[in-house]
Amino acid sequence: MHSLDWIVLSGYFLVMVGIGWWAKRRVHNAADFFTAGGKMPWWLAGISHHMSGYSAAVFVGYAALAYTIGFAVYVWWAISITIACIVGSIFFAPRWPRLRQRLGIISPLEFLTTRYNLPAQQVLAWSGTALKVFDVAAKWAASAILLNVFAGVSLMLGILLVGGVTMIYSTIGGLWADVLTDFGQFLIQLVAAIALLVATMANLGGISSIFGIWEQLPPSHSEPFAGSLTLGFFLAYCLISTVSYNGGTWNLAQRFIAAPTGSSARKSILLSGGLYLIWPLVLFFPMWAAPLILPGLAQPDQSYALIAQELLPAGLIGLVLAGMFSHTMAMTSSDANAISAVITRDIIPALRRAKAPLTSKTELYVGRLSTFLFIGLSMAIALSADSFGGVLGLLILWFGALVGPIAIPMLLGMLRPFRRCGPSAALFSWAAGLIVFAVMKYVLADQVASFGDNASAVSVAAPILASIVVFCLMGVIRPWRNEESDALIEAINVDLEEVHSTLDADDAGASEGKPTGVRA
């Protein structure tokens, strides 16, 4: 790192804090802090959804997979998310803003009290909050590794630096700060990634290297499924991604909740899916080419950082590092906002029981305090990431395997075919997923390992499949019948603008003496 790189990186951090401080003026109450008042433009929500969907772990853990396995990392990761976004545009994304319109929710779990009951909501809220602490910790650890490679900064100082800056702007500006910094970070990483792409191609002989590198790499590097990234692992992550990117990961649900209408939320997730289909090709090319430029790396997770140092001039190295940090800060700040919403609107009211609801001013204060504490705790866990299997262990196995049991009752609970799945189904499916994960990780570890390259697919898929099966079975064995729950499900299956257009058409028909349709 040259002095110019440090100036660029320092300027980036200052801009992020400045955006957070500017966004503070748009935050007047808890609804503004957590859902941007339901006024977020679809294109901004889509870019923020994309930026909040991955972190610096892509440039560390996924870079290692790209270096050792090749093209399969794009198929496994980017294609699975694109499929998830398409599915979500049909079934899940439009329902989130409808929940805000009908119930006034500002937390992704707030509707579960109506859909199921308070105990089911609390179990999912507490367990999901605990899980997310570990997921965010993995992101801090990945960022610190990058800063260590680039500048020799210790892991502890790196975690404190990146986490501290995120803590400041997230605590001050809430969701508005998150999405506005996401947009700024999107522009920065756009320039940074294209610069490294061009430098890599120039080093390898120009545009022809886009296809030419595959002739020089081992044949397996060009295969869509290779090594541990098997077809089974891809299918497992299609399922995991569908659950995660449609609201099972709460920070992504916040983007949909903040959309004005269901159609806006649908457009935002399709934009995000399109970015996932195209943009990772730019990001991964230097990683795929790394074995040709830096052969025989002992630590492949450093490949992206080392290529940037090798090929880029002073100033651009700092920009690339800022671009990599942007993904982590985008994801972790939005995670903190979502978890803070759950704590403020779901956990604390349950602990207070019959006491009067918090005032709007108090809710805003509690939201900011819980954001601060959540980021602080996740930073502390990041300092001991090795105890949980390192960055990839935290990111893929722990979070990937446990997000399903928590998210299945929430997402499937929105859909009409599962309206008879009640509180028992939610709790039993959650418990089944956690039990299967624990048994496979600590009791049947040797048997799982015997699956070879498919071991990861089995470890990740089994908990979520168990949750889905149990959730559906409980709906048959103990069907849930509740008028308030049924009314909620019916309400979120129709967009308010569709209702209004129907009413307007009926009124117009009545004024002309024509028969009118059935009113919603």
Inside segment 47-66, the number of residues satisfying the requirement of being out of contact with any Lys or Arg (no Cβ under 6 Å at 6 or more places or on another chain), within 14 Å of Asp178 (Cβ to Cβ), in a helix (DSSP H, G or I) and of a type in the set (Gly, Ala, Ser) is 0
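Collect the residues in segment 449-460 that are of a type outside the set (Ser, Thr, Tyr) and surrounded by fewer than 23 Cβ atoms within 10 Å (Cβ to Cβ), keeping them in residue-number order. Please lay out each step first, then the result.
Let us first name the residues in segment 449-460 that are of a type outside the set (Ser, Thr, Tyr), namely 449, 451-455, 457-458, 460.
Residues satisfying the conditions are Ala449, Phe451, Gly452, Asp453, Asn454, Ala455, Ala457, Val458.
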Screening Thr249, Thr181, Thr230, Thr171 for residues that are among the polar types (S, T, N, Q) and under 30 Å from Gly413 (Cα atoms) leaves only Thr249
Checked Pro260, Pro295, Pro300, Pro280 against criteria (of a type outside the set (Asp, Glu) and under 30 Å from Ile105 (Cβ atoms)); the one match is Pro260
Per the list (1) under 30 Å from Ile293 (Cα atoms); (2) at pLDDT 85 or above; (3) among the β-branched types (Val, Ile, Thr), residue check on Val60 breaks on (2)
Practice task
Please verify whether segment 71-82 includes one or more residues that are over 23 Å from Leu231 (Cα atoms), in contact (Cβ under 8 Å) with a residue 24 or more places away in the chain, among the small types (Gly, Ala, Ser) and in a helix (DSSP H, G or I).
Solution key: no
Every listed condition ((1) in contact with a helix residue (DSSP H, G or I) (Cβ under 7 Å, 6 or more places away or on another chain); (2) within 30 Å of Thr230 (Cβ to Cβ); (3) modelled with pLDDT of 90 or more) holds for Met474 save (2)
Ser55 passes all but one of the listed conditions (1) touching a Ser or Thr at 6+ places or on another chain (Cβ under 7 Å); (2) of a type outside the set (D, E, K, R); (3) within 26 Å of Asp135 (Cα to Cα); (4) at pLDDT 85 or above; the exception is number (4)
For Pro291, are the conditions met, namely being of a type outside the set (Asp, Glu), at pLDDT 85 or above and either in contact with a Leu (Cβ under 9 Å, 6 or more places away or on another chain) or farther than 20 Å from Leu187 by Cβ (or both)?
-> yes
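Restricted to segment 232-250, and to residues that are among the hydrophobic types (A, V, I, L, M, F, W, C) and surrounded by fewer than 24 Cβ atoms within 10 Å (Cβ to Cβ), which residue is farthest from Val75 (Cα to Cα)? Before the answer, list the steps.
Step one: filter segment 232-250 for residues among the hydrophobic types (A, V, I, L, M, F, W, C), giving 233-236, 238-240, 243, 250.
With the extra rule that they be surrounded by fewer than 24 Cβ atoms within 10 Å (Cβ to Cβ), the set shrinks to 234-235, 238-239.
Working: Phe234: 7, Leu235: 10, Cys238: 10, Leu239: 14 Å.
Only one residue fits best here, namely Leu239.
One line per residue, one yes/no per condition, for (1) under 28 Å from the mean Cα position of the chain (by Cα); (2) more than 17 Å from Gly61 (Cα to Cα); (3) charged (D, E, K, R); (4) part of a helix (DSSP H, G or I):
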{"site": "Leu306", "(1), (2), (3), (4)": "yes, no, no, yes"}
{"site": "Glu310", "(1), (2), (3), (4)": "no, yes, yes, yes"}
{"site": "Ile317", "(1), (2), (3), (4)": "yes, yes, no, yes"}
{"site": "Leu321", "(1), (2), (3), (4)": "yes, no, no, yes"}
{"site": "Ala330", "(1), (2), (3), (4)": "yes, yes, no, yes"}
{"site": "Ser334", "(1), (2), (3), (4)": "yes, yes, no, yes"}
{"site": "Asp346", "(1), (2), (3), (4)": "yes, yes, yes, yes"}
{"site": "Val366", "(1), (2), (3), (4)": "yes, yes, no, yes"}
Residue hits (segment 203-215; touching a residue at least 12 places away in the same chain (Cβ under 8 Å) and more than 12 Å from Gly70 (Cα to Cα)) are Asn203, Leu204, Ser209, Ile210
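The values are calculated or read from the model by the stated rules, or taken from the named source; none is laboratory data. This one's a predicted model, so the numbers in the text were calculated from it and none came from an experiment. Neighbour counts run over all protein chains shown; Cβ positions are idealised from the backbone, glycine included.
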